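Student: Here you go, one structure.
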Amino acid sequence: MRILLVNPPNCGRSIPEERYGIDSIKQIFRGEPLALEVLAGNLEGFETAICDLKAAPDSFTADLEDFRPDIVAVTGVTCEANTMLRLARQAKEAGALTVAGGIHASSDPEFFNRAEFDYVVVGLGRQSFRELVETLAAGGRDAPSGVARTSPGRPLSFAPRRFSAADAGGDPPPAYELVRNHRSHYRLERLGLDMGFVVSAYGCPFDCDFCCIKGLTGGRYLTVPVESVVRDIGLLPTPVIRLLDANTFGDPAHAERLCDAITTAGIKKNFLADVRSDTVVRHPELMKKWRDAGLKAVIIGFEEIDDERLAELNKKNRSAVNTEAISVLHDIGITIIGDFIISPDYEEDDFERLGRYIADNRVDLPMITVLTPLPGTRLHQRLRDRIVVDDLDFYTLTNAVLPTKLPEEKFYRLYAELIREGHRNARL
Ligand code: B12
Ligand code: SF4
């Protein structure tokens, strides 16, 4: 059985660009399709290939013709959902069975309950997708737990999976070699450094209202065995490793064991990882230890600078803790990439206050997105009736899909200025 795993091209549309000619907000990031490498790694015994349309945007038709897949399995985030349908349509015309997976499929599986797709994998797919492929190879059609067989016109029904350690990782490793021809694309542009992706944990112990991570693990936090993580780091030729976890330090004891294992293995690489500010404040010694093991920068979801707004997002954190974490990290010497969320309700002075906070606290690189009710989140349930942009192409987190309080153009001009200012002062 031949399986083609497909990563959609960079897509997503930009309101500020299309309506006001502001082209500085939409961002293009790069990186290897680790989800597909993880799936392929666990498909030993089957012929697999990865079609990375972010690296080679025109390669899909040729891959369909040359590889002649029996199954075409497509990943994607919400702004890629429409593109996933288009790719599946083409795959079906070529005679393949089609499978949707990834963050949008996990958050809103019903979206893919259409003729374009035969199956939808909900949540971590390492094990469930293998089980599906084995079933199909044996001539069966029934979906294993965590996989829905589509039923267009009727609600999707499937057995939810109780995710466990086996779904998270272990042997065999991700099939990093399947994208070796594209590796020069996977770079940290700002520093001109090659970067590889490794995962050490899935899910998050928290449950913020706007976050879609929960759907991947059914709300559980699952760590990958440290030996597997160290093995994966060793398999990558890159000097920089981005740990892709939603929250690398969700289990501080696991994070410490991983740090010790990296040191013991004599690995000399630079790391980038996600951490919450309250974890930094509670575990400064752990952060120091990680710095010594190569942690150069952390990504922190500060989100908002007001306690009231943080509470509205169910962030379970306070602004004073965010500020303290910044100071702890500055003292330790770890670079801070700070995620901030601007609300469509923002007025001029909210933009000013955020700009001042970023400058005064010397956040090394701010990453600013617009509060977006992503399908499948509590925020979406709460604000569904206020949504004015339904087309998922705009769900890039850089468009206001809710009405802006300020005149829309003014909102985007202030947003673009905030981004410009952040990049001008960036220390990375
Ligand atoms: C790495 C990453 C990227 C990489 C993706 C590399 C690539 N594929 O080419 C890059 C940097 C390119 C990227 C880009 C963007 N990203 Co991004 N990204 C991530 C990140 C940090 C990790 C995802 C990951 O690879 N995890 C590791 C893998 C192994 O886990 P996984 O993806 O969950 O995969 C498992 C399951 O989901 C499932 N699965 C996944 N795909 C498939 C496919 C099939 C067929 C099957 C069966 C199963 C399956 O099985 C996998 C193994 O168990 C997540 C946040 C997070 N920590 O999850 C955000 C995240 C996915 N990104 C996000 C966003 C918004 C974006 C951008 C829109 C950002 C922007 N504003 O431009 C763009 C979209 C690209 C575009 N089209 O323009 C959001 C998505 C929210 C949403 N619902 O849409 C997230 C969740 C971050 C957040 N802010 O909340 N991103
Ligand atoms: S702490 Fe981060 S990863 Fe965890 S639920 Fe909140 S936003 Fe999502």
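The values are calculated or read from the model by the stated rules, or taken from the named source; none is laboratory data. Computed from a predicted structure; not experimentally measured. Here Cβ is always computed from backbone atoms with ideal geometry, including for glycine, and neighbour counts include all displayed protein chains. Surface areas here come from the heavy atoms of the whole protein model, side chains and all, with no ligands, DNA or RNA. Shrake-Rupley method; radii C 1.70, N 1.55, O 1.52, S 1.80 Å.
Student: Among (1) buried (at least 19 other Cβ atoms within 10 Å of the Cβ); (2) in contact with an Asp or Glu (Cβ under 6 Å, 6 or more places away or on another chain), which single condition is Arg318 missing?
Tutor: (1)
Student: Another one. Return the total of residues in the stretch 115-156 being in contact with an Asp or Glu (Cβ under 7 Å, 6 or more places away or on another chain) and aliphatic (A, V, I, L, M).
Tutor: 2
Student: Quick one: which of Val147, Val133, Val122 is open to solvent by less than 40 Å² (accessible area, probe 1.4 Å), touching a Pro at 6+ places or on another chain (Cβ under 8 Å), within 13 Å of ligand 1 (Cβ to nearest atom) and farther than 22 Å from Leu258 by Cα?
Tutor: Result of the check over Val147, Val133, Val122: Val122.
Student: Which residues, taken from the stretch 208-266, are among the charged types (D, E, K, R), open to solvent by less than 50 Å² (accessible area, probe 1.4 Å) and more than 16 Å from ligand 2 (Cβ to nearest atom)?
Tutor: Once the filter is applied, which keeps residues that are among the charged types (D, E, K, R), open to solvent by less than 50 Å² (accessible area, probe 1.4 Å) and more than 16 Å from ligand 2 (Cβ to nearest atom), the stretch 208-266 yields only Asp232.
Student: Has the stretch 341-356 got at least one residue that is in a helix (DSSP H, G or I), of a type in the set (D, E, K, R) and in contact with a Gly (Cβ under 8 Å, 6 or more places away or on another chain)?
Tutor: No, the conditions are met nowhere in the stretch 341-356.
Student: Condition first: under 17 Å from the mean Cα position of the chain (by Cα), more than 27 Å from Ala426 (Cβ to Cβ), more than 9 Å from ligand 1 (Cβ to nearest atom) and of a type in the set (A, V, I, L, M, F, W, C). Now tell me which residues in the stretch 164-217 satisfy that.
Tutor: Once the filter is applied, which keeps residues that are under 17 Å from the mean Cα position of the chain (by Cα), more than 27 Å from Ala426 (Cβ to Cβ), more than 9 Å from ligand 1 (Cβ to nearest atom) and of a type in the set (A, V, I, L, M, F, W, C), the stretch 164-217 yields Ala201, Phe206.
Student: Same structure, new question: Whether any residue in the stretch 57-69 is open to solvent by less than 20 Å² (accessible area, probe 1.4 Å), within 16 Å of ligand 2 (Cβ to nearest atom) and touching a residue at least 12 places away in the same chain (Cβ under 8 Å) is what I want to check.
Tutor: Checked against the condition, which is being open to solvent by less than 20 Å² (accessible area, probe 1.4 Å), within 16 Å of ligand 2 (Cβ to nearest atom) and touching a residue at least 12 places away in the same chain (Cβ under 8 Å), the stretch 57-69 yields no hits at all.
Student: Still on this structure, please answer the following. Mind counting the residues in the stretch 401-424 that are within 14 Å of Arg19 (Cα to Cα) and hydroxyl-bearing (Ser, Thr, Tyr)?
Tutor: The total comes to 1.
Student: Separate question: Which ones in the stretch 14-31 are in contact (Cβ under 8 Å) with a residue 40 or more places away in the chain and either part of a strand (DSSP E or B) or within 18 Å of the chain's Cα centre (by Cα) (or both)?
Tutor: Within the stretch 14-31, Lys26, Gln27, Arg30, Gly31 qualify.
Student: Scan the stretch 276-300 for residues that are closer than 21 Å to Ser228 by Cα and buried (at least 22 other Cβ atoms within 10 Å of the Cβ) and jot them down.
Tutor: Across the stretch 276-300, the qualifying residues are Trp290, Leu295.
Student: May I ask you to list the residues in the stretch 90-111 that are open to solvent by 30 Å² or more (accessible area, probe 1.4 Å), in contact with a strand residue (DSSP E or B) (Cβ under 9 Å, 6 or more places away or on another chain) and without any contact (Cβ under 8 Å) to a residue 40 or more places away in the chain?
Tutor: Those that are open to solvent by 30 Å² or more (accessible area, probe 1.4 Å), in contact with a strand residue (DSSP E or B) (Cβ under 9 Å, 6 or more places away or on another chain) and without any contact (Cβ under 8 Å) to a residue 40 or more places away in the chain: Gln90, Lys92, Ala94, Leu97.
Student: Limited to the stretch 107-127, what total is found for residues that are closer than 15 Å to Thr150 by Cβ, touching a helix residue (DSSP H, G or I) at 6+ places or on another chain (Cβ under 8 Å) and in a helix (DSSP H, G or I)?
Tutor: 2
Student: Checking the structure you have, find out if any residue of the stretch 173-180 is touching a strand residue (DSSP E or B) at 6+ places or on another chain (Cβ under 9 Å) and assigned to a strand (DSSP E or B).
Tutor: no
Student: Follow-up. Could you give every pair whose Cβ atoms fall below 8 Å, whose first residue belongs to the stretch 203-231 and is in the same structural domain as Asp274 (by TED's automatic domain parsing) and over 14 Å from Pro375 (Cα atoms), and whose second residue is more than 11 Å from ligand 1 (Cβ to nearest atom) and aromatic (Phe, Trp, Tyr), counting only separations of at least 6 or pairs across chains?
Tutor: Listed by first residue and then by second, the contacts come to Gly203/Tyr221; Cys204/Tyr221; Pro205/Tyr221.
Student: State all residues of the stretch 32-58 that are in a strand (DSSP E or B) and either out of contact with any helix residue (DSSP H, G or I) (no Cβ under 8 Å at 6 or more places or on another chain) or within 20 Å of Leu397 (Cα to Cα) (or both); if no residue qualifies, say none.
Tutor: Glu47
Student: While we're on this one: Identify all residues within the stretch 183-207 that are open to solvent by less than 60 Å² (accessible area, probe 1.4 Å) and within 16 Å of ligand 2 (Cβ to nearest atom); write none if there are none.
Tutor: Passing the criteria: Val199, Ser200, Ala201, Tyr202, Gly203, Cys204, Asp207.
Student: Same structure again: Which numbered condition trips up Asp278, out of (1) at pLDDT 95 or above; (2) within 21 Å of the chain's Cα centre (by Cα); (3) under 30 Å from Tyr395 (Cβ atoms)?
Tutor: Tallying (1) at pLDDT 95 or above; (2) within 21 Å of the chain's Cα centre (by Cα); (3) under 30 Å from Tyr395 (Cβ atoms), Asp278 fails exactly one: (2).
Student: If you don't mind, another one. Within the stretch 326-344, can one find any residue that is under 20 Å from Phe210 (Cβ atoms), touching a helix residue (DSSP H, G or I) at 6+ places or on another chain (Cβ under 7 Å) and open to solvent by 40 Å² or more (accessible area, probe 1.4 Å)?
Tutor: no
Student: Hey, among the residues in the stretch 166-177 that are surrounded by fewer than 16 Cβ atoms within 10 Å (Cβ to Cβ) and either under 18 Å from Ile3 (Cα atoms) or assigned by TED's automatic domain parsing to the domain that holds Ile103 (or both), which one's nearest to ligand 2 (Cβ to nearest atom)?
Tutor: Taking the candidates together, the pick is Pro172.
Student: Going by the structure shown, is Ser145 of a type outside the set (A, V, I, L, M), part of a helix (DSSP H, G or I) and free of Cβ contacts under 8 Å to residues at least 60 places away in the same chain?
Tutor: For Ser145, the condition - of a type outside the set (A, V, I, L, M), part of a helix (DSSP H, G or I) and free of Cβ contacts under 8 Å to residues at least 60 places away in the same chain - is not met.
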